[in-house]
Amino acid sequence: MKSKTIYEADRLEIDTNRPFKEIGLLIESAKKLLVVSHIDPDGDALGTQLAFAAYLRSLGKEVVLVREDAIPERYEFLPGIERIRHIDDIKDKLDIDTIIALECPKLSRAGDIINNLNSNITIINIDHHQDNDNYGQVQWIDKDASSVGEMVYELFESFRYQIDEETAVLLFTAILTDTGRFRYESTTGRTLEIAGKLIEAGANPRDICDKVFYNLQPATIKLIGNVLSNAEFIDNGRTCLLSLPIEIIESTEHGEAEAEGIAEYSLYGKGVTLGVTFKERDSGITRISLRSRGNPNVARLAALFGGGGHICAAGCSISKPLSEAKKEFLKKLNEFQVDR
């Protein structure tokens, strides 16, 4: 059964907090749309990207999906995942008139694809990060939403878009992963209500959870074991540091995508309130994933390095190899701990 929509823009009420009508009008006038999410894609990024594209195709729109990084193997089961093209496969300038940017607090988080577009493009900015730059012609920023998957569900419901089984799987995966399996503080009664409706529409929670969290390759399990065996604990055990040097990442079949989700292990230790994961890139850049139990606010910590995110989960990059980036980060961390 395919999704159906009876959306008509003039039937929607204007809501300054949830600009559904404005979004609908821009979509209605668009001819060719690019749907993007952030680099280092996770379940929320991929699930909402694919779900939104399915909705646009139901309207007869031409849609392009692009990614910059590899897709983690755990998400290869997502319906339509093969439609997301790698940026290296796009040789010519894209003739796009509208971008839908999902979960990108800064447009640059979408990656280099932005440099391949016309300057007069229309941008719809949908995000739940508290530090969003408010770029684009229309911005819908809801920092209280558990995930962009939850937001997209609300949008679809307003548009009277009938969600089929495939779209339900996509949005359930988005919400499941960005709520940390429904354990983060952003999880609300409405979040669980939406999850329930997606289950009714065909999402199988056991199947999705098994594929995302309990279907790791032996190489991935060994990689996790390698990283955890070298975990460092500082600040009287309150901070856990995990490191993935470039040689470890390159030794795995899927490279950096193999390590997606490993940052969550940094908070598994008893008494740990701050987790820091360093991932070294071959370009001499170290990406840093931050996790906390609410204190400290890791979004503020990431902002010191030009990054951002949420109170409990954030990220940033330092343009140095891992060992140097780690020293620079820890120096700032000590200053941050004193100032906060």
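FYI, it's all coordinate maths here, none of it is from the lab. This is a predicted model, so every value here is computed, not measured. Note: ideal-geometry Cβ built from the backbone for every residue, glycine included; neighbour counts use all protein chains shown.
Comparing Cα centroids, region 160-229 and region 293-312 end up 24 angstrom apart. Ignoring the sites themselves, the chain has its longest run without GluC sites (Glu not before Pro) in a DSSP loop having at most 14 other Cβ atoms within 10 Å at 77-184.
Need one word for region 164-252: rounded, prolate or oblate. Basis is the Cα gyration tensor (sqrt eigenvalues a ≥ b ≥ c); a/c below 1.5 gives rounded, then a/b vs b/c decides. The shape class here is oblate. Between E76 and N215, the contour length at 0.36 nm per residue exceeds the Cα-Cα span by 48.9 nm.
For the listed residue pairs K279/K320; K106/K320; K31/K93; K279/K326, the alpha carbons are over 18 angstrom apart in K106/K320.
Between the labelled values (1) 21.7; (2) 22.8; (3) 20.6, the entry that holds Kirkwood radius over Cα pairs in Å as derived from this structure is (3).
The distance between label points at S119 and K331 comes to 3.8 nm (points 7 Å beyond Cα on the Cα→Cβ vector). Annotation: lysines with alpha-carbon distance below 23 angstrom to K211 (same-chain offsets under eight excluded): K197, K222. Put a dot 7 Å past the Cα of H86, heading toward its Cβ, do the same for E62, and the two dots end up 2.5 nm apart.
Evaluating 6.51 cos²θ - 1.76 cosθ + 1.60 at θ = phi - 60° for every residue in region 41-49, the Karplus couplings come out as x, 10, x, 5, 4, 6, x, 6, 4 Hz, glycine and proline recorded as x. At full extension, A303 and E200 could sit 33.1 nm farther apart than now, given 0.36 nm per residue minus the alpha carbon distance.
What are the residues whose amide H is under 5 Å from the amide H of T122, where those residues sit 5 or more places off or on another chain and H is modelled from the backbone? The list, which skips near neighbours in sequence, is T98, I99.
The trypsin sites (Lys or Arg not before Pro) of region 217-312 that meet both conditions, a loop assignment by DSSP and at most 10 other Cβ atoms within 10 Å of the site Cβ, are K270.
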